[in-house]
1. Once both labels are modelled 7 Å past Cα along the beta-carbon direction, what's the Asn133-Met79 spacing in nm?
2. Starting from one equal scatterer on each C-alpha and no solvent at all, send me the Debye-based log10 I(q)/I(0) for segment 1-59 at q = 0.17, 0.27 Å⁻¹, two decimals.
3. Can you tell me the dipole magnitude for segment 1-59 around its Cα centre, using point charges on the Cβ only (Lys, Arg +1; Asp, Glu -1), in Debye to the nearest 20?
4. Using 0.36 nm per residue, how much length does the chain from Leu178 to Glu114 gain when fully extended, once their Cα-Cα distance is taken away?
5. At most 16 other Cβ atoms within 10 Å and a DSSP loop assignment: could you name the trypsin sites (Lys or Arg not before Pro) in segment 73-113 that fit?
6. Using the Cα centre of segment 1-59 as origin and beta-carbon charges of +1 (Lys, Arg) and -1 (Asp, Glu), tell me which of Ser50, Tyr5, Ala33 is placed farthest towards the positive end of the dipole.
7. Can you give me the C-alpha center-to-center distance between segment 80-103 and segment 1-66, rounded to a whole angstrom?
8. Can you pull out the GluC sites (Glu not before Pro) in segment 95-146 that DSSP calls coil and that have at most 13 other Cβ atoms within 10 Å?
Amino acid sequence: MPDSYPLTLNSLVAGCNQKTSRNPILEISEADAQEALDSLKGLSLVTESSGGRAFRYSHNIDGVLKIPSQSIALLTVLMLRGPQTAGELRIASDRMHNFADISSVEAFLEELAERPSGGLVVKLPRLPGARENRWAHLLSGPPAKDLLAAPISSGSHGDSDADSLGELSDLKAKLAQLEGELASMKTLVARICTELGISEIGVDVNRD
C-alpha cells in the first residue's frame, strides 16, 4: 500500500498515469478518475472519506468479493501490470504480502480461478520455452483472444533454454519492482516539495 493510503484524487491520477511497471499504460485526467471512482462507489467497491483538505478513497474489494488479503494483493498486481507468472506475482506483490514460495501463490490463484460465484483470474497458455504459465485477471472481462490462444512453437526447446527464459523473467520482474519503487519515491518527493513550497531540489554530486 502507498504510504499516503487512502489516496486523494491527485494521488490516484498520478498512480494511474505512472509509466513504469504498468500494463496497460494510461493517460487519464482528474475527470476520468472521478468518473471511475463514482462508478466504483456505486458498486460499493470504493469508499470515500474526508480528511485534511481533500477527500480520500480506499478500496472495499474484501468487503464485496469476500476474498483474503493475499488474493487482493495478487489481483492488484495483475490489474497494474497485466498477465504475470506466479513467480513474477510473488516478487511484485512483496510490499503487500510476503508469500512464502511460488506454490503458495499458485494456491491462491487456483482458488481465485475456481470460485463458485465465478472465477476472478484465468491461467493462460504457456509460452514456448517458458517454465511457468502466466495468469490474467477477469475483473474487466475475458483477456484478449491472442492471450488465450495457445502459441505455436516452431520447434522443441531444451531445458537450458527454458531455464534461461525463466531467469530472464525473474530478472525482469525484479527490475519492474525496482522501477515501481523508484517512481513511488519520486512521487513522494514531489509531493513533499509541493507541500514545503520548494520548486526544485538540486544536489551537487561534485561536492567534497
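No lab work stands behind these numbers, since they all come straight from the coordinates. Every value quoted in this text rests on a predicted model; they were computed, and no experiment measured them. Here the Cβ positions follow ideal geometry from the backbone for every residue, glycine too, while neighbour counts run over all protein chains shown.
1. Label at Asn133, label at Met79, 2.4 nm between them.
2. -0.57, -1.24
3. 180 debye
4. In short, 19.8 nm is gained.
5. Arg95
6. The residue sitting most towards the positive pole is Tyr5.
7. After rounding, the separation between the Cα centres reads 21 Å.
8. Sites meeting the loop and neighbour criteria: Glu114.
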